[in-house]
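Participant: Quick one: this structure, given as structure tokens, is what I'll be asking you about.
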Amino acid sequence: MAYKDMVAMVVDDFSTMRRIVRKILKDLQFREVIEAENGAEAFKLLQTNKVDLIVSDWNMPVMTGLELLKMVRADERLKGLPFLMVTAEAQKENIVEAIKAKVSNYVVKPFSPAVFAEKLAKIIPS
Amino acid sequence: MIDVKIINPFLAATMHVLKTMAQVDARPGRPFLKKDDLAMGDVSAIIGITGAAQGSMALIFTEKCIKDIASNLLGEPFTELNHEVRDAVGELTNMICGDARRRLAEDGFILQAGIPTIVGGKGHTIMHVANGPRLAVPFETNAGSFMVEVAFQT
């Protein structure tokens, strides 16, 4: 499936980062971008929206990105979804924890649009 | 006395994050010890730090400076100090603290961080919890000045 046919969900408690990621995804021709402020809101939206990619922050109130990842991987219908973690938590043990929880790939903040696109292309070739 | 080995990564992170995300060159000035809680700017964010050291980092912007940085960051002009601009202060604080912690972790100094709190208004105050000295570093950009404050428990 090409980016132009895909719906992405961006999860971050800061609207700034949601807007930055939304702009990159729209520039990459994604058909639609849905936003959520935390993992709990994202998981609720995933019950009623067909999504092809999740781009999530790690450190959020209510439910973290790692908790969302674990819930998605434990859900029969959602478990295969590409999950890109966008995180300031780039210490080795954090990355190991995310890999154990079957994250598809991760982008460390700060990042350029080119780096984001490169990380995304590794899990969804355009 | 604050160890420069702890402080320098925060300054390097500040320059790196602003350059990478907003294409802004930030030039650090002479650090000084700050004695009061009064913020030297119009909008701030503070983030708590735990782990190998307990403390906090704050980022304090003048209105002109943050409107310019937010415009670059989000790719659209901002003429008011609105919710979106304030949100950008929080996210920048989050990213700078994260980048600094990553640099410190390379030397085995492991820190965790909380979620930034944003405060603003003329004459607002920054309440660092740590009892140690509060180091302030002024930065200049082409659009104005901002300040980074770091304080750790002694």
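The values are calculated or read from the model by the stated rules, or taken from the named source; none is laboratory data. Given the structure is predicted, the values throughout are model-derived calculations rather than measurements. Methodologically, a virtual Cβ is constructed for each residue, glycine included, from the backbone with ideal geometry; neighbour enumeration extends over all protein chains shown.
Participant: Going by what's in this entry, would B:Ile49 be described as within 14 Å of another protein chain (Cβ to nearest Cβ) and either at pLDDT below 95 or under 22 Å from B:Ile115 (Cα atoms) (or both)? Full working, then the answer.
Facilitator: Numbers: within 14 Å of another protein chain (Cβ to nearest Cβ): yes; either at pLDDT below 95 or under 22 Å from B:Ile115 (Cα atoms) (or both): yes.
Answer is yes for this residue.
Participant: Could you run through the stretch B:85-114 and say how many residues are within 7 Å of chain A (Cβ to nearest Cβ), in contact with a Lys or Arg (Cβ under 8 Å, 6 or more places away or on another chain) and either surrounded by 24 or more Cβ atoms within 10 Å (Cβ to Cβ) or not aliphatic (A, V, I, L, M) (or both)?
Facilitator: 4
Participant: Hey, can you tell me all the residues within the stretch B:104-132 that are under 18 Å from B:Leu59 (Cα atoms) and of a type in the set (D, E, K, R)?
Facilitator: If the condition is that a residue be under 18 Å from B:Leu59 (Cα atoms) and of a type in the set (D, E, K, R), then B:Lys122 is the only one that fits.
Participant: If you don't mind, another one. With within 14 Å of chain A (Cβ to nearest Cβ) and at pLDDT 95 or above as the only criterion, which of B:Ala70, B:Ala58 stands out? Spell out how you get there, then give the answer.
Facilitator: Details: B:Ala58 fails: within 14 Å of chain A (Cβ to nearest Cβ).
Just one listed residue meets the conditions, B:Ala70.
Participant: Out of curiosity, is B:Ile47 surrounded by fewer than 24 Cβ atoms within 10 Å (Cβ to Cβ), in a strand (DSSP E or B) and in contact with a Lys or Arg (Cβ under 7 Å, 6 or more places away or on another chain)?
Facilitator: Numbers: surrounded by fewer than 24 Cβ atoms within 10 Å (Cβ to Cβ): yes; in a strand (DSSP E or B): yes; in contact with a Lys or Arg (Cβ under 7 Å, 6 or more places away or on another chain): no.
The answer is no for B:Ile47.
Participant: In addition: Inside the stretch A:12-126, counting only helices (runs of 4 or more DSSP H) that do not spill past its ends, which hold 2 or more residues that are touching a strand residue (DSSP E or B) at 6+ places or on another chain (Cβ under 7 Å), crowded, with 20+ Cβ neighbours inside 10 Å and away from every other protein chain (no Cβ under 13 Å)? Don't jump to the end; show me each part of the working.
Facilitator: Details: elements: A:15-27, A:39-46, A:65-73, A:92-100, A:113-123.
So the answer is A:39-46, A:65-73.
Participant: In this structure, is B:Thr154 loosely packed, with under 15 Cβ neighbours inside 10 Å, on the phi < 0 side of the Ramachandran plot and either away from every other protein chain (no Cβ under 11 Å) or free of Cβ contacts under 8 Å to residues at least 60 places away in the same chain (or both)? First the steps, then the outcome.
Facilitator: Numbers: loosely packed, with under 15 Cβ neighbours inside 10 Å: yes; on the phi < 0 side of the Ramachandran plot: yes; either away from every other protein chain (no Cβ under 11 Å) or free of Cβ contacts under 8 Å to residues at least 60 places away in the same chain (or both): yes.
It is true that B:Thr154 is loosely packed, with under 15 Cβ neighbours inside 10 Å, on the phi < 0 side of the Ramachandran plot and either away from every other protein chain (no Cβ under 11 Å) or free of Cβ contacts under 8 Å to residues at least 60 places away in the same chain (or both).
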